[in-house]
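Please read the structure below before turning to the comments.
The values are calculated or read from the model by the stated rules, or taken from the named source; none is laboratory data. Predicted, not measured: the structure shown is a model, and the values here were computed from it. Every residue, glycine as well, gets a Cβ built from its backbone with ideal geometry; the counts of neighbours run over all protein chains shown. Calculation scope for accessible area: heavy atoms of the full protein, side chains included, ligands and nucleic acids excluded. Shrake-Rupley method; radii C 1.70, N 1.55, O 1.52, S 1.80 Å.
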Number of protein chains: 2
Amino acid sequence: MGKVYAVGIGPGGAESLTGAARAALDAADCICGYTLYVELLRPLYPDKEVFSTGMTGEIERCRACLKRAQAGRTVALVCSGDAGVYGMASPVLELAEEYPGVEIVVVPGVTAAVSGAALLGAPLGHDFCVISLSDRLTDWNVIETRLRCAAEGDFSVCLYNPASRHRKDTLQRACDVLLERKSPETVCGIARNIGREGEQIRILTLKELRDAEADMFSTVFIGSSSTKRIGGRMVTPRGYKK
Amino acid sequence: MGKVYAVGIGPGGAESLTGAARAALDAADCICGYTLYVELLRPLYPDKEVFSTGMTGEIERCRACLKRAQAGRTVALVCSGDAGVYGMASPVLELAEEYPGVEIVVVPGVTAAVSGAALLGAPLGHDFCVISLSDRLTDWNVIETRLRCAAEGDFSVCLYNPASRHRKDTLQRACDVLLERKSPETVCGIARNIGREGEQIRILTLKELRDAEADMFSTVFIGSSSTKRIGGRMVTPRGYKK
């Protein structure tokens, strides 16, 4: 019986892979994933079989991997960032119930909250929340409640999917909810194309963030009340006294 | 003028390093960090200068790195997991103001929320909070408010520092706060010694977690209301329909 590795490949190409992710890809006879991410790995594995499906074909992609594994193959199902954070680990573990005997191994990777934070400085140096603004699979009411609770708890917040092709005002709506509790001067940051061509960061206030542009390649950070701007970086102190 | 890399080395040894972390360690003329983590790297760099300080000597450690960098050296300041999540990136960026000209580069790594989640399945497949239960640098009131907000928002929650040598009832107190809002049947997990010898996981209910033992080498996960136990794993669905 075969095996599916759900592999987080980090934000970019080879340099963001962990040794364990590399070993799982080495061990796999085929690699499956969204086209953009599979292409990042192609130079490392020019001769390996690759199959790919469109952006929203997640369930189809999981089933394709599970079917091959049931036929005895070892499949690497790759995800940008981490496999568990809004990644393919959940759906593949749920669907695996229908493919008895297939072993699932989740190989963790550097998720955008962590890689974007590193570019900006250390915005997640203390307690934080990660919230996706995508309402494709979640009611906006739930998202709004979570934003309100995150602000109420004075967490630093990392937002995934701040925009999509179809939704342009999502970030603005989210900022409006956060602004009910958080100061308009709260230090915020945007990291875009992390680990890829066109990588860039911007540090701004929450008031400015409300009217800023963040596309589907952006990850957004909102500080807690103790987050500071230090020499062009965004830093949330752990609380150490100097 | 020199440089300090704040490097997240992931949970374990060589296999949890990313390519970028490896490159930073290669480039450094010396490696600094808490003894346990530096020892994990020793086999990779047997000939490199290493210096180390005790567990709570964080500020002293940052200053030692910054001083060497100011003298023109390239220093790798290593952190278990990620450098930004309760790591050394924040204090070194804060202190760097006093050492003008020293460049700080944060190299992200796989933090325990992500590596522990992979071992357990996919508990962080949807929105989540990360909260440290250490009251060494944070008032317990703040921690309690954040726990309450996390429960109110029906987040999955990952707890760092669920216990220490001195505090034995911290996890119990945290569970009592969460139980005000979360069901006692909420699916929870404990990951211990992630990526190291003695690695183990346990899946249990929130009611059981309240009376469970979690030591300083444990990371604790509390599900949202949609988190399920599937074939011995803890899975929070992204919401995909099958």
Exercise. Where the label is 7 Å out from Cα toward Cβ, how close does B:Ser225 come to the same position in every other copy, in nm, shortest first?
Worked result: 2.9
Problem set entry | Convex hull volume per residue in cubic angstrom - Cα atoms of the protein assembly as shown | 134 Å³
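When the dipole is taken about the Cα centre of the protein assembly as shown, and only Lys, Arg (+1) and Asp, Glu (-1) are charged at their Cβ, what size is it in debye, to the nearest 20? Could the numbers behind the result be given before it?
Values: 58 positive and 58 negative charges, 11 e Å.
Here the size comes out at about 60 debye.
What does the accessible area per residue of the range B:21-179 come to in Å², with a 1.4 Å probe and no ligands, DNA or RNA counted?
Result: 35 Å² of accessible area for each residue.
Where the convex hull is taken over the Cα atoms of the range B:102-242, what is its projected area averaged over directions, in nm²?
So the mean shadow area of the Cα hull is 10.5 nm².
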Problem set entry | Of all accessible heavy-atom area on chain A, the percent that carbon and sulfur account for (1.4 Å) | 47 percent
Exercise. Which of the residues in the range B:93-113 lose at least 30 Å² of accessible area when you go from the chain alone to all protein chains together (probe 1.4 Å)?
Worked result: B:Leu93, B:Glu94, B:Glu97, B:Val106, B:Pro108, B:Val110
Exercise. How would A:Asp211, A:Asp127 line up by accessible area, probe 1.4 Å, largest first?
Worked result: A:Asp211, A:Asp127
Problem set entry | Alpha-carbon centroid distance for the pair the range A:16-46 / the range B:167-212, whole angstrom | 34 Å
Exercise. How far is B:Pro43 from the same spot in each other copy, in nm, shortest first, if each label point sits 7 Å from Cα toward Cβ?
Worked result: 3.0
For this session: Would you mind calculating the relative contact order of chain A from Cα pairs under 8 angstrom and at least 6 residues apart, reporting the percent as a whole number?
Result: 20 percent
Seminar exercise, completed: Here the relative contact order (percent) of the range B:94-165, from C-alpha pairs under 8 Å and at least 6 apart, is 33 percent
For this session: Over all alpha-carbon pairs in the range B:1-137, figure out the percentage whose distance exceeds 22 Å.
Result: 35 percent
Seminar exercise, completed: Per the range A:61-181, sqrt(5λ) over the Cα gyration tensor eigenvalues, sorted largest first, in Å, gives 33, 17, 12
Seminar exercise, completed: On the formula 1/(1 + (r/R0)^6), with r taken between the Cβ atoms of B:Arg196 and A:Asp169 and R0 of 41 Å, the FRET efficiency rounded to 0.05 is 0.35
For this session: State, to one decimal in nm², a quarter of the convex hull surface area for the C-alpha atoms of the range B:164-242, i.e. the direction-averaged projected area.
Result: 6.2 nm²
Problem set entry | 1.4 Å probe, heavy atoms, protein only - residues of the range A:142-170 losing at least 50 Å² accessible area vs chain alone | A:Arg146, A:Cys149, A:Phe155
Exercise. Distances from B:Asp29 to the same residue in each other copy, label points 7 Å out along Cα→Cβ, in nm, shortest first?
Worked result: 5.2
For this session: Figure the gain on full extension for B:Val142 and B:Asp215 (residue separation times 0.36 nm, minus the Cα-Cα span) and round it to one decimal in nm.
Result: 24.1 nm
For this session: Find the Rg to Rh ratio for chain B, where Rh is the Kirkwood radius over alpha-carbon pairs and Rg uses the same atoms.
Result: 1.01
Exercise. With Cβ to Cβ distances under 14 Å as the rule, what net charge do the other residues near B:Lys48 carry (K, R +1; D, E -1)?
Worked result: -1
Exercise. How big a patch of accessible area, both sides summed and in Å² to the nearest 100, lies buried between B and A at a 1.4 Å probe?
Worked result: 5600 Å²
Exercise. Does the range B:117-199 come out rounded, prolate or oblate, given a ≥ b ≥ c as the square roots of the eigenvalues of its C-alpha gyration tensor, rounded meaning a/c under 1.5 and, failing that, prolate meaning a/b above b/c?
Worked result: oblate
Seminar exercise, completed: Of the listed links B:Lys3/B:Lys67; B:Lys168/B:Lys207; A:Lys228/B:Lys67; A:Lys207/A:Lys228, those spanning more than 19 angstrom between alpha carbons are A:Lys228/B:Lys67
Exercise. Per-residue accessible area for B:Val105 at 1.4 Å probe radius, Å² rounded to 10?
Worked result: 40 Å²
Seminar exercise, completed: The relative contact order of the range A:42-149, taking Cα pairs under 8 Å that sit 6 or more residues apart, comes to a percentage of 19 percent
Exercise. Where q = 0.19 Å⁻¹, what log10 of I(q)/I(0) comes from the Debye formula for the range B:28-98, counting one point per Cα?
Worked result: -0.72
Exercise. Roughly how much of B:Met1 is accessible, in Å² to the nearest 10, using a 1.4 Å probe?
Worked result: 140 Å²
Problem set entry | Prolate/oblate/rounded label for the range B:1-48 (Cα gyration tensor, a/c 1.5) | prolate
